[in-house]
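The structure under discussion appears below in the form of structure tokens.
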Amino acid sequence: MSTRSLPFPRGKTASFNAYIAGPNGLISVLPSATGLVGEATAYRPDLAGRTFDVEDSVVYTGQPIKLRAVQAQANITVARKCVTFSSTAEHLGSVTSSPAIPSSGTAGLIAKPIDPAYAVGTTIYKYDWFYVVEEGWAVLLVGTTTTAQESVSCDGDGAARPALAGDSVVGTAEAAVTADGEETVNVYVKSGLSVSDAATV
């Protein structure tokens, strides 16, 4: 489902009251300094998996961009990187695949870039909601040198690399960029999922 009305602004996160089981029913738990308490009940199935079509104001002003609301399953320090999705059984194969975890050590996973509207260094707290780019222009650190118009996936640190066979393709690099640990590349993110079927594509 797409809509032009965002549930919270770009560059911001959202915390919602969580509810946990108590001896006399549900107990409301307010957000703390480190996010929401009550892991299982902080999840918002009404928000998870929803996409929102807006006009970009960060990479290419006025261009359409599709954002997806996701929930952090661990604290995330914002960088120009991708996050991967939860692999727990209840979150596979449906819109509830939205909870996101930081990419960590395994390359080529299903992943989407963090919305570039978030300032680098910002902390997204566990169980907070934030946006990833589902389709449109994003910005990624370059983990392995890219060439123009090359399909890229994420490496084990969430940075862009040329897509290898079997990788989940994140999108297409706009330009050739040499990896030096600090350089970024604009990537046009492809909607949905596609898998690389060549050594590089």
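The values are calculated or read from the model by the stated rules, or taken from the named source; none is laboratory data. The structure displayed is predicted, hence computed values, not measured ones. Note: ideal-geometry Cβ built from the backbone for every residue, glycine included; neighbour counts use all protein chains shown.
Of all the listed residues (Val187, Val170), the sole one being buried (at least 24 other Cβ atoms within 10 Å of the Cβ), under 15 Å from the mean Cα position of the chain (by Cα) and closer than 12 Å to Gly108 by Cβ is Val170.
Tell me which residues, restricted to the range 151-164, are in contact with a strand residue (DSSP E or B) (Cβ under 9 Å, 6 or more places away or on another chain) and either surrounded by fewer than 20 Cβ atoms within 10 Å (Cβ to Cβ) or part of a strand (DSSP E or B) (or both).
As a first pass, look at the range 151-164 and keep what is in contact with a strand residue (DSSP E or B) (Cβ under 9 Å, 6 or more places away or on another chain): 151-155, 157-164.
Those that are in contact with a strand residue (DSSP E or B) (Cβ under 9 Å, 6 or more places away or on another chain) and either surrounded by fewer than 20 Cβ atoms within 10 Å (Cβ to Cβ) or part of a strand (DSSP E or B) (or both): Ser151, Val152, Ser153, Cys154, Asp157, Ala160, Arg161, Pro162, Leu164.
If you check Val58, Val95, Val37, Val29 for being of a type in the set (A, V, I, L, M) and at pLDDT 80 or above, only one passes: Val58.
Please work out which residue is farthest from the chain's Cα centre (by Cα), limiting yourself to the range 146-167 and to residues that are among the small types (Gly, Ala, Ser) and closer than 23 Å to Pro64 by Cβ. Spell out the reasoning first.
Our first condition is that a residue be among the small types (Gly, Ala, Ser); within the range 146-167, this holds for 148, 151, 153, 156, 158-160, 163, 165-166.
If we keep only those that are closer than 23 Å to Pro64 by Cβ too, we end up with 148, 151, 160.
Values: Ala148: 23, Ser151: 18, Ala160: 13 Å.
Across the range 146-167, the extreme among qualifying residues is Ala148.
Please determine, by comparing only the residues of the range 131-146 that are over 15 Å from Val59 (Cβ atoms) and at pLDDT 90 or above, which one is surrounded by the most Cβ atoms within 10 Å (Cβ to Cβ). First the steps, then the outcome.
Initially, the range 131-146 is screened for residues over 15 Å from Val59 (Cβ atoms), giving 142-146.
Filter again for at pLDDT 90 or above, leaving 142-145.
Working: Val142: 24, Gly143: 21, Thr144: 16, Thr145: 16.
Applying the filter and picking the extreme gives Val142.
Among the residues of the range 136-152 satisfying the criterion of being touching a Lys or Arg at 6+ places or on another chain (Cβ under 9 Å) and of a type in the set (A, V, I, L, M), which is nearest to Ala179 (Cα to Cα)? If we take residues in the range 136-152 being touching a Lys or Arg at 6+ places or on another chain (Cβ under 9 Å) and of a type in the set (A, V, I, L, M), then Val142 is nearest to Ala179 (Cα to Cα). Screening Gln71 on (1) at pLDDT below 90; (2) polar (S, T, N, Q); (3) touching a Gly at 6+ places or on another chain (Cβ under 9 Å) shows it passes everything except condition (3). Among the residues of the range 109-146, the ones that are more than 14 Å from Gly158 (Cβ to Cβ), among the small types (Gly, Ala, Ser) and in a strand (DSSP E or B) come to 1 in all.
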